[in-house]
1. When every alpha-carbon pair in segment 110-170 is counted, what percent end up more than 13 Å apart?
2. In terms of solvent-accessible area of protein heavy atoms at a 1.4 angstrom probe, what is the ranking of Y168, Y178, highest value first?
3. Enumerate the calculated ³J(HN,Hα) couplings along segment 26-31 in order (Karplus 6.51 cos²θ - 1.76 cosθ + 1.60, θ = phi - 60°), each rounded to whole Hz, writing x wherever the residue is Gly or Pro.
4. At 1.4 Å probe size, with no ligands or nucleic acids counted, give the accessible surface of K42 in Å², nearest ten.
5. Determine, for each peptide in 138-150, 97-109, 4-16, the mean count of other beta carbons within 10 angstrom over its residues, then list the peptides with the highest first.
Amino acid sequence: MIHHHPDNNLLLEYASGSLNWAHSLVVAAHIQLCPKCAAQLKLLNSVGGSLLATATPSASLESSEPDAFGKLMQRIDRQPDKDEEQCAGSGSSALPLRDPIFASVPPVVRKLLADNPVLQWRRLSRGLKEARLKTGQNEREVSFHRIAPGSKVAEHDHRGREITMVLYGSFSDADGVYTPGDFLVREPGEVHRPTATQDQECLCLSVVEAPVALTGIWGKIINPFLSIKPQ
């Protein structure tokens, strides 16, 4: 059962199409797994449609535009991906989806995987790996994070907003336990230390606005999250 959801402001921004693309991606993935938020989005779209119907003719024309999810999928479709072109005839585009950890990801994430046919996993610290995704934008870093069973991510704080959604397995921190579909927002200055459960890996989809900083003694030695690079 999903216990952690986007707040109403995020859902309203998503429904209106004003939410940035990277954050929209994570919100869309959550909505595809969460009946509660899907119903809330439907209500927001219904209210918005009613308002447009009573607005001026020029504003009413906007109702024929694609919805937020449709715009998001169109944006993904437009992303150039040289790796995909190079692998088109080899069947390697399906490589990420052959991994059982991706078996139950929502459709929008499957589409993103299709546009990133080769994931370059790199070890950030013991028990933690990251694969950055090509998204065609430079403002925010979109990544998968994979935590080994029972592993603890080094305690860190945030220099920018971080939005995370659990896709597989679960992790916990001082504020609770997060399972598939759960949606977590960390604001600048917040500190946490995710720990995966002992029985299975944890896979998360994350969007960060700025690199995180390790706290404590490890913060003086190494920062496992490298600076954001243009995608």
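The values are calculated or read from the model by the stated rules, or taken from the named source; none is laboratory data. Here the structure is a predicted model, which means the values were calculated and not measured. Cβ placement follows ideal geometry from the backbone for every residue including glycine, while neighbour counts extend to all protein chains displayed. These accessible areas exclude ligands, DNA and RNA; they are computed on the full protein's heavy atoms, side chains included. Shrake-Rupley method; radii C 1.70, N 1.55, O 1.52, S 1.80 Å.
1. Across segment 110-170, Cα pairs with separations above 13 Å total 70 percent.
2. Highest to lowest solvent-accessible surface, that is Y168, Y178.
3. 6, 4, 4, 4, 5, 4
4. Its accessible surface works out to 150 Å², give or take rounding.
5. Working: 138-150: 19.2, 97-109: 15.7, 4-16: 17.4.
Result, highest mean first: 138-150, 4-16, 97-109.
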